[in-house]
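A short write-up of the structure that comes next.
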Amino acid sequence: MKEDTLITSVGRRPEDFHGVVNTPVYRCSTVLFPTLESYLGRGKNRFDNVTYGIHGTPTTYTFEEAMAALEDGYRSVSVPSGLAAVTAALMSFLEAGDHVLMVDSVYGPTRTFCDGLLKRQGVETTYYDPAIGAGIGELMRPETAVVFCESPGSMTFEMQDIPAIAAAARERGAKVLMDNTWATPVFFKAFEHGVDVSIHACTKYVAGHSDVLLGAITCANEEDWLRVRTTVSELGICPGTEEVYLATRGLRTMKVRLNHQQESGLAVARWLEQRPEVARMLHPALPGDPGHALWKRDFKGASSLFAIVLHPCSRQAVAAMLDGLELFGIGSSWGGFESLIIPADPEGQRTATTWNGPGPCIRLHIGLEAVEDLIADLEKGFQRLNAA
């Protein structure tokens, strides 16, 4: 099937639910078995059948089947949040004495996890320049078990040469894990580029309505999936079925929203690119971006999250700009239907590279509002910034 058909149909089995189009919400802890033999045999297939609520329900399996199909992966595992997807995936492939290579532009809470819990568990983290490419091999050690990528970075949007990194990691026996939330499986097919495990904060574009916390981990093969699935089970974490249901519903319209938000995001970015207050654009789909060639080679599209770097100005001026915005909310998430804007502090989140933005960094998420209205809102914001 073509992707548009796949995204709207995979995982749906109306015939199993009295013709109901969407798999219903199963609120479930206890599951009853008809015989002692079936009860005693439940452990052999607890990840494939409904044996206890924590392992999965028809609602969960519908979502996981759809995500895996869209990723062109083997199978998916759903977890309560995007951060849970990152941490559970890392814990599945790391143990005491191991070494992980982590991209320096990674999502802040991922860095916190590496510097906190992983370090306490005896796992060493080395941060690397996102532009390193095949040079990642020079940083690998015999104990390097995982190379973690995030392309582009969700705050400063550096692109990574994923195929080159994956080839170097594979040669040395390390797994490549990638946070693919920015592009989603629609705009980047992780497994086609050598990734072993694709991680998503489904809170963002998958659910799409800013009312769900959910994560997904998709693996390229059965061995890796079983490893992740077992770790998630041992951790005792599982998503709520209401959240899974809402994410499945959001998934059905994700491509339509992404295509629209891509165009709106590019329109706003091109307008910002001409503003005298903007010193630099951080958007890989723009030809002037340092990562544009990699984006054009590997990606099928661009989502609507990007950043700008302003010329030097005061915090008071930035506050005047942001506080008066009517359509852009000040909020940390993204991927929903509404536009958002926040200040960023890349300098405080680097150890392997140096951030040298001339002025404040501002991250924008472009929602489903009319582009003309968003631009008018930003225009007034710049007027306030200049007047402060």
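Among all positions in segment 254-269, there is at least one residue which is part of a helix (DSSP H, G or I), surrounded by 15 or more Cβ atoms within 10 Å (Cβ to Cβ) and hydroxyl-bearing (Ser, Thr, Tyr). Within this structure, Met67 fails the test of being among the aliphatic types (A, V, I, L, M), under 30 Å from Arg141 (Cβ atoms) and buried (at least 16 other Cβ atoms within 10 Å of the Cβ).
The residues listed here are Arg46, Arg75; of these, the one that is closer than 22 Å to Glu222 by Cβ and touching a His at 6+ places or on another chain (Cβ under 6 Å) is Arg46.
When Glu124, Glu150, Glu158, Glu143 are screened for being in contact with a His (Cβ under 6 Å, 6 or more places away or on another chain), of a type in the set (D, E, K, R), assigned by TED's automatic domain parsing to the domain that holds Ala201 and within 25 Å of Pro346 (Cα to Cα), only Glu124 passes.
The values are calculated or read from the model by the stated rules, or taken from the named source; none is laboratory data. Bear in mind the structure is a predicted one, so any value in this text is a computation, not a measurement. Positions of Cβ are generated from backbone atoms using ideal geometry, with glycine treated the same way; all protein chains shown enter the neighbour counts.
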